[in-house]
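Enquirer: Mind having a look at this structure? Questions to follow.
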Ligand code: F6P
């Protein structure tokens with residue numbers, strides 16, 4: 001019996017909803033096309049172990065329940081760049097060749113890497129160095145990858161943040177409060193903009209739009225005095241800076257820093273400047289770890305299937321992208337070099353402004 005050609009697949013970077021749906025789609029489509037699908041564990045970390053950690057993924061393992069499952073059954077990591085890998089003695093080492101050797105040992109025809117901009121940049125560098133046939137699938141709740149309208153995980157994160165605003169509104173109204181919701185998104189305000197509109201926020205603060213605290217306070221006072229409303233909702237993106245330009249971060253145990261805490265900065269100032277009682281919800285990782293909503297299941301399924309099409313066609317160094325209701329493929333290089341922030345003159349910004357939503361600038 002001739003040996004089946006093998007396709008490796010891995011999830012890399014922060015998890016999000018829809019990763020398992022991508023795996024499921026690739027396994028079903030790949031198996032039907034005659035390939036064996038090898039799931040590499042914990043992103044590139046699984047290839048640093050000898051022997052490499054992996055599992056053969058079969059359609060039997062990939063039933064509907066897998067599609068509904070949050071997280072990634074393969075595991076992932078958002079640290080440990082193999083080109084500058086932190087060693088236990090505190091030094092850094094280039095371990096890229098070990099990963100390339102791991103891929104060669106698994107005799108993979110191609111590798112499908114599901115990742116955000118950082119992961120895809122690393123995977124591409126590995127592919128160039130090791131002559132690996134790579135296909136990228138965009139995933140990130142931040143939706144900040146270039147060349148694609150949407151990445152796996154974004155829609156679910158928006159849904160979660162919108163639901164949070166829906167839940168904050170009645171309690172805000174009951175207690176005459178300003179409720180501030182801090183959402184993720186790294187340096188792009190897509191989650192805040194989308195959920196802010198969908199969840200009826202009065203004020204949306206995103207890193208792309210500079211704000212003035214006086215304008216924010218004026219808006220809240222006008223809600224009370226001119227509209228006669230006793231509450232307000234504010235949706236703020238985690239990378240918004242203080243008015244003096246300082247970035248607010250949290251240092252986690254182990255010394256890693258992440259954005260977080262800007263909501264409290266606004267709460268303190270809004271309370272002082274408006275007299276409104278103010279509370280903050282920092283939404284955090286609940287935006288990532290839940291069951292994907294249907295939109296993400298569909299995007300994930302379409303990407304998984306298309307990745308197999310590209311392997312069949314021998315078309316590599318490409319990232320799949322969502323464009324105008326179609327899945328297309330674009331050069332990975334182009335996608336990672338164009339960080340996608342909110343277009344401040346884009347349709348959704350105009351929609352929000354026309355609805356009277358304040359961005360703190362006018
Ligand atoms: O990039 C995805 C993301 O969830 C960002 O929105 C957030 O800033 C970051 O990852 C959080 O990282 P970690 O999971 O390491 O806390």
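Enquirer: I need a count of the residues in region 257-293 that are within 11 Å of the ligand (Cβ to nearest atom), in contact with a strand residue (DSSP E or B) (Cβ under 9 Å, 6 or more places away or on another chain) and either within 24 Å of residue 164 (Cα to Cα) or outside any strand (DSSP E or B) (or both).
Expert: 6
Enquirer: May I ask you to say which residue of 332, 262, 336, 328 is within 20 Å of residue 214 (Cα to Cα) and either at pLDDT below 95 or not assigned by TED's automatic domain parsing to the domain that holds residue 37 (or both)?
Expert: 262
Enquirer: Right, another one. Sort out which residues of region 198-218 are assigned to a helix (DSSP H, G or I) and either within 13 Å of the ligand (Cβ to nearest atom) or buried (at least 20 other Cβ atoms within 10 Å of the Cβ) (or both), and write them in order of number.
Expert: Correct list: 216 only.
Enquirer: Exactly one condition in (1) under 19 Å from residue 348 (Cβ atoms); (2) touching a residue at least 60 places away in the same chain (Cβ under 8 Å) is false for residue 152; which is it?
Expert: If we test residue 152 against (1) under 19 Å from residue 348 (Cβ atoms); (2) touching a residue at least 60 places away in the same chain (Cβ under 8 Å), just (1) comes out false.
Enquirer: Kindly evaluate residue 143 against the criterion of being on the phi > 0 side of the Ramachandran plot and assigned by TED's automatic domain parsing to the domain that holds residue 101.
Expert: yes
Enquirer: Read through the list (1) buried (at least 19 other Cβ atoms within 10 Å of the Cβ); (2) more than 16 Å from the ligand (Cβ to nearest atom), then give the number of the only condition that residue 45 fails.
Expert: So residue 45 meets the others, but not (2).
Enquirer: Given the conditions (1) in contact with a helix residue (DSSP H, G or I) (Cβ under 8 Å, 6 or more places away or on another chain); (2) in the same structural domain as residue 17 (by TED's automatic domain parsing), and given that residue 312 satisfies all but one, which numbered condition is not satisfied?
Expert: (1)
Enquirer: Can you tell me how many residues within region 240-256 are more than 16 Å from the ligand (Cβ to nearest atom) and more than 19 Å from residue 361 (Cβ to Cβ)?
Expert: The total comes to 0.
Enquirer: Further question on the same structure: I'm trying to understand the selection: among the residues of region 257-314, which are crowded, with 19+ Cβ neighbours inside 10 Å, under 22 Å from residue 247 (Cβ atoms) and in contact (Cβ under 8 Å) with a residue 40 or more places away in the chain?
Expert: Answer for region 257-314, where residues must be crowded, with 19+ Cβ neighbours inside 10 Å, under 22 Å from residue 247 (Cβ atoms) and in contact (Cβ under 8 Å) with a residue 40 or more places away in the chain: 259, 262, 263, 266, 267, 270, 278, 280, 283, 287, 288.
Enquirer: I'd like the full set of residues that are within 23 Å of the chain's Cα centre (by Cα) and in a loop (DSSP other than H, G, I, E, B), limited to region 324-358.
Expert: Once the filter is applied, which keeps residues that are within 23 Å of the chain's Cα centre (by Cα) and in a loop (DSSP other than H, G, I, E, B), region 324-358 yields 324, 325, 338, 339, 340, 341, 342, 343, 344, 345, 346.
Enquirer: To continue, here is another question. Suppose we filter 237, 174, 195 for residues that are in the same structural domain as residue 265 (by TED's automatic domain parsing) and farther than 20 Å from residue 361 by Cα; which single one remains?
Expert: Testing whether each residue is in the same structural domain as residue 265 (by TED's automatic domain parsing) and farther than 20 Å from residue 361 by Cα leaves just 174.
Enquirer: From the residues in region 179-197 that are assigned to a helix (DSSP H, G or I) and without any contact (Cβ under 8 Å) to a residue 60 or more places away in the chain, which one is nearest to residue 250 (Cα to Cα)?
Expert: 192
Enquirer: Could you check, for region 35-47, whether at least one of its residues is touching a residue at least 24 places away in the same chain (Cβ under 8 Å) and more than 30 Å from residue 337 (Cβ to Cβ)?
Expert: Looking for residues that are touching a residue at least 24 places away in the same chain (Cβ under 8 Å) and more than 30 Å from residue 337 (Cβ to Cβ), one finds at least one in region 35-47, hence yes.
Enquirer: Go through region 70-102 residue by residue and tally those that are surrounded by fewer than 17 Cβ atoms within 10 Å (Cβ to Cβ) and more than 16 Å from the ligand (Cβ to nearest atom).
Expert: The number of residues fulfilling the criteria is 12.
Enquirer: Within region 178-197, work out how many residues are within 15 Å of the ligand (Cβ to nearest atom) and more than 18 Å from residue 159 (Cα to Cα).
Expert: 1
Enquirer: Please work out if residue 135 is more than 18 Å from residue 340 (Cα to Cα), in contact with a helix residue (DSSP H, G or I) (Cβ under 8 Å, 6 or more places away or on another chain) and assigned by TED's automatic domain parsing to the domain that holds residue 44.
Expert: Yes; evaluated as a whole, the condition is true for this residue.
Enquirer: Then there is this: Considering only residues that are more than 22 Å from residue 166 (Cα to Cα) and crowded, with 21+ Cβ neighbours inside 10 Å, look in region 219-256 and name the one that is farthest from the chain's Cα centre (by Cα).
Expert: 240
Enquirer: I would also like to ask the following. Give region 134-163 a look and list any residue that's within 22 Å of residue 270 (Cβ to Cβ) and within 15 Å of the ligand (Cβ to nearest atom), or say none.
Expert: Hit for region 134-163 is 161, nothing else.
The values are calculated or read from the model by the stated rules, or taken from the named source; none is laboratory data. These figures come from a predicted structure and were not determined experimentally. Note that each Cβ is placed from the backbone with ideal geometry, even for glycine, and that neighbours are counted across all protein chains shown.
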